[in-house]
Amino acid sequence: MGQYNADNIRNFSIIAHIDHGKSTLADRLLEATGALTKREMQSQVLDTLEIERERGITIKAQTVRLNYKADDGKEYVLNLIDTPGHVDFTYEVSRSLAACEGAVLVVDASQGVEAQTLANVYMALDANLQIVPVINKIDLPSADVENAKKEIEEVIGIDASESIPASAKEGIGIHEILEAVVQKVPPPKDTRKDPLQVLIMDSWYDNYQGVVLLARVMAGTIRVGDRVFMMYSNETLKNDSDAPTYYQVVRLGYLTPKFLDQKEANPGEVIFLVCNIKSIRDVRIGDTITHTESQTDPTVKYAVASEPLQGFKEVKPVVFSGIFPTDSKDFENLKEALQKLSLNDAALTFEPENSLALGFGFRCGYLGLLHMEIVQERLEREFGMNIISTAPGVRYKVTKTNGETFEVDNPALLPKPHEIEKIEEPMIRGIIHTPAEYVGAIITICEARRGTQERIDYITKERCAVVYKLPLGEMLFDFYDKLKSISKGYASFDYELLGLEESQLVKLDVMINGDVVDALSVIVHRTRSYERGRDLTKKMKEVIPRQQYEVAIQASIGTKVIARETVGALRKNVLAKCYGGDISRKRKLLEKQKEGKKRMKSIGTVEVPQEAFLAILKVE
């Protein structure tokens, strides 16, 4: 970088709703500043995961350093931090924004302000960031720049008179965006003399270097060879005698997006760090790194930061499901894969679980349904695991008749009905931004999901925000799919957690020949239990193969059976050899066959195929 000058550094991120063109804009900025040659360029260059490219979404926050010569003749260093746009990855966005002084707000000229745009902008405003509004996709025939400006001013409440019309695809307005970042985004403060504070934004596992940290220097100077420790992690690991109290910086540098090494980093710089960290549990996104009192060189003394940076929080998962290897021999491999994945994904939690039907596996916690889908797909692609996933569920608070309270995220652990005093379920406030013509259909779908309407705000004549209070458990199956299909893809959904509320919930068990299959149990509302049980048994009948004896599939609440389907037995025609003859002879043969089937049923077991567990997800 040459001589350090804090005034020439700009840290900014790009925030937008999904599919408004964040990653394409990042590509153009890389191209315009010469960070990559034409030969090295590819679309969505900052989306490093295969799954990100395939789906066209950003999952992991990425960073890149750009060198830019502005119109004023000065050389500037721009640290661009690309953020995810989906509601499930909000914590990652908040950590990225904490490392910036400014944010480029991208709004699609044809779609206008959408749900996640609002959520991310408010987060940026809370962090006191300078907002640079950009109206993207102006090359589209349906683009309405003036309406997009009007929405930014009316809905978000920020001045859009100087917003930059751009097209990331065509490369229009890229120079203006870079100039606006240099002019409007404030530089970081020069705090080299203060004690070291480095904010961890992301981490991933490297087979050769161990844990690699992505971080922003907030205060002080960090050098190769320094001894450092994590402030929050150190507090929690104090009682563990095996836990290391410090790490040594063996490598640091920046991404262009190639790795380039340097000897030291100063306030405002966004860097990668390698500290020989081998243990996955020692790193938490949002933690603060500072110097230890004793250094390798006894003559060197550093001041230790008295308190960590604000904003760190333990990420609490809201959706849970069981993950089991299809082959029980792969249990240890699955454990290792989850450990490596959880290092790269701070929000993923997992603990061992045992199921009578599926054997040994893990109960995993996720931030939402997309997060769950991504984790399962990454396990299969990156680690080559063959897995079975049980139906997703949320965490309920159960109060027993003896006054004992505890939390349950696995239906199999719910006590018997007569032992339960009450069950509380998590509630959310859902905000649906939609064209006005689809309001009626959206109200219908929310009411069917036990929703309570709070208000409907008309943003413009054509667009409105429908606000509903909904149980989180009702969102898990096909709410997003239904919402997108009834609104032809125009509605967008954002939510915030409200807390717990008492509800009439029951555990619905599925029994096959009288034996409960614990992995198929679900917690449902009492009013919907009958139809859910009926749909489940019908679906199970389609996927369970016929046996030599009759298979009874029943849905029950406690001891009460509420639905039943029967898979008929495969049977041989024992009367084929009786040509004519007395009826008693035929009856004798049929009775004999019936006795054999009965005996077979008493000792036979039914193998539940993998499709049965997936069938639950497809039941409405």
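The values are calculated or read from the model by the stated rules, or taken from the named source; none is laboratory data. The structure presented is a predicted model; accordingly, all values stated were derived computationally and were not measured. So basically every Cβ, Gly included, is an ideal-geometry build from the backbone, and we count neighbours across all protein chains shown. The protein model used for the area step is the full one, side chains on, heavy atoms only, and it has no ligands, DNA or RNA in it. Shrake-Rupley method; radii C 1.70, N 1.55, O 1.52, S 1.80 Å.
List of remarks:
- Taking every alpha-carbon pair within the stretch 425-580, the share separated by more than 24 Å comes to 52 percent.
- Shape summary: the stretch 115-198 maps onto an equivalent ellipsoid whose semi-axes, from the alpha-carbon gyration tensor, are 29, 17, 11 Å in decreasing order.
- For the pair LYS588 and GLU75 in one chain, pulling the backbone fully straight at 0.36 nm per residue adds 174.8 nm over the alpha carbon distance.
- Between LYS335 and ARG564, the simple spin-label model (points 7 angstrom out along Cα→Cβ) gives 4.3 nm.
- Cα-based reach from LYS397 at 27 Å (exclusive), listing lysines while leaving out same-chain residues under 8 positions away: LYS313, LYS316, LYS416, LYS422, LYS469, LYS507, LYS560, LYS618
- Sites LEU575 and GLU421 - FRET efficiency at Förster radius 45 Å, r taken between beta-carbons, to 0.05: 0.20
- Full extension of the chain between PHE360 and LEU498 gives 46.3 nm of extra length, using 0.36 nm per residue less the Cα-Cα distance.
- Averaged per residue, the stretch 132-241 has 46 square angstrom of accessible surface, using a 1.4 angstrom probe with ligands and nucleic acids left out.
- Shown for the stretch 134-218: lysine pairs separated by 8 or more places, or found on different chains, whose C-alpha atoms are under 23 Å apart, numbering 7.
- Separation of the stretch 387-413 from the stretch 428-498 is 27 Å, based on Cα centroids.
- Modelled label positions at GLU550 and GLU176, each set 7 Å beyond Cα in the direction of Cβ, lie 7.6 nm from each other.
- Potential lengthening between ARG429 and LYS278 on full extension [0.36 nm per residue; Cα-Cα distance subtracted]: 50.3 nm
- Column: log10 I(q)/I(0), Debye, Cα scatterers of the stretch 133-285, q = 0.12, 0.14, 0.17 Å⁻¹: -0.72, -0.83, -0.96
- Measuring r between the beta carbons of LYS263 and TRP204 and using R0 = 25 Å, the FRET efficiency lands at 0.60.
- Listed residue (THR349, MET427, VAL394) projecting farthest to the positive dipole end of the stretch 333-447, Cβ model: THR349
- Carbon + sulfur, % of accessible area of the stretch 127-180 - ligands and nucleic acids excluded, 1.4 Å: 46
- Here the stretch 158-228 is assigned +1 on the Cβ of each Lys and Arg and -1 on the Cβ of each Asp and Glu. Its dipole about the Cα centre then comes out at about 440 debye.
- For LYS278, the solvent-accessible surface computed with a 1.4 Å probe is close to 120 Å², ligands and nucleic acids excluded.
- A simple spin-label model places pseudo-atoms 7 Å from Cα toward Cβ; at THR256 and ILE459 they are separated by 4.0 nm.
- For the stretch 335-442, the solvent-accessible area with a 1.4 angstrom probe is 42 square angstrom per residue.
- Placing +1 on the Cβ of every Lys and Arg and -1 on the Cβ of every Asp and Glu, with no other charges, gives the stretch 443-550 a dipole of roughly 400 debye about its Cα centre.
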